[in-house]
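Inspection log for the structure reproduced underneath, given as structure tokens.
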Amino acid sequence: WILSEPIGVPGSRRTALLADPAGAPFGVWQSLGMPGAEVFDVPGSLTWPELATREWDGAKEFYGSVFGWTADDQPMGPINYTTWHLDGRPVAGMMPMIGDDWGDLQPHWMVYFAVSDTDAVADGAQRLEGLVSVPPTDLTRGRFAVLTDPQGAFFSILGATPP
């Protein structure tokens, strides 16, 4: 689905907003001179994009066809987590929306930003009138939290697990 026709910003980029067959919106970017995510996995930058969907088989087919990604499923507790690869490098993940915890939340892409201290950033967000939607929690990859900014946009942060 096309949510926003491709538009160009002269000397910068062409971009469009789309949705996958399950309804998860995402954007595409074609650089016309303006760099994209050149800084990655350092505090304050993007560290991981992740799709949450109930249609994981369809998502594998769709994103594989659109972007040439290959899916690698790995057990993560009671579910299989998918890591998508492009040319042998991990580029994104997919979390199946299984169980009641997801409620009526729609399929979506979640961006994770790298932080030095997950707890401190979550506390700071609250002081700035943001919300902590999912409190700091330890995962295999590190300590994460889901935050909501004062305008209602949600995103995740990921830092090292405290000793």
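The values are calculated or read from the model by the stated rules, or taken from the named source; none is laboratory data. Since the structure is predicted, the reported quantities are computational estimates derived from the model, not experimental observations. All Cβ positions, even for glycine, are placed from backbone atoms using ideal geometry, and neighbour counts span all protein chains on display. SASA here: full protein model, heavy atoms, side chains in, ligands and nucleic acids out. Shrake-Rupley method; radii C 1.70, N 1.55, O 1.52, S 1.80 Å.
Is there a residue in the range 76-84 that is touching a Gly at 6+ places or on another chain (Cβ under 6 Å), under 22 Å from V146 (Cα atoms) and either touching a residue at least 60 places away in the same chain (Cβ under 8 Å) or open to solvent by 50 Å² or more (accessible area, probe 1.4 Å) (or both)? No, every residue in the range 76-84 fails to be touching a Gly at 6+ places or on another chain (Cβ under 6 Å), under 22 Å from V146 (Cα atoms) and either touching a residue at least 60 places away in the same chain (Cβ under 8 Å) or open to solvent by 50 Å² or more (accessible area, probe 1.4 Å) (or both).
Quick check, is G11 surrounded by fewer than 14 Cβ atoms within 10 Å (Cβ to Cβ) and either within 21 Å of L158 (Cβ to Cβ) or not aromatic (F, W, Y) (or both)? Show your work before the answer.
On the way: surrounded by fewer than 14 Cβ atoms within 10 Å (Cβ to Cβ): yes; either within 21 Å of L158 (Cβ to Cβ) or not aromatic (F, W, Y) (or both): yes.
So G11 passes the test.
Those residues that are open to solvent by 50 Å² or more (accessible area, probe 1.4 Å), touching a residue at least 40 places away in the same chain (Cβ under 8 Å) and of a type in the set (A, V, I, L, M), I need them from the range 99-132; list them, please. Those that are open to solvent by 50 Å² or more (accessible area, probe 1.4 Å), touching a residue at least 40 places away in the same chain (Cβ under 8 Å) and of a type in the set (A, V, I, L, M): L105, V111.
Please verify whether the range 133-143 includes one or more residues that are in a strand (DSSP E or B), under 18 Å from the mean Cα position of the chain (by Cα) and surrounded by 17 or more Cβ atoms within 10 Å (Cβ to Cβ). Walk me through how you get there before you give the answer.
Keep residues of the range 133-143 that are in a strand (DSSP E or B), which gives 133-138, 143.
Filter once more, keeping what is under 18 Å from the mean Cα position of the chain (by Cα): 133-138, 143.
From the residues that got through so far, the ones that are surrounded by 17 or more Cβ atoms within 10 Å (Cβ to Cβ) too are 136, 143.
Within the range 133-143, one or more residues are in a strand (DSSP E or B), under 18 Å from the mean Cα position of the chain (by Cα) and surrounded by 17 or more Cβ atoms within 10 Å (Cβ to Cβ).
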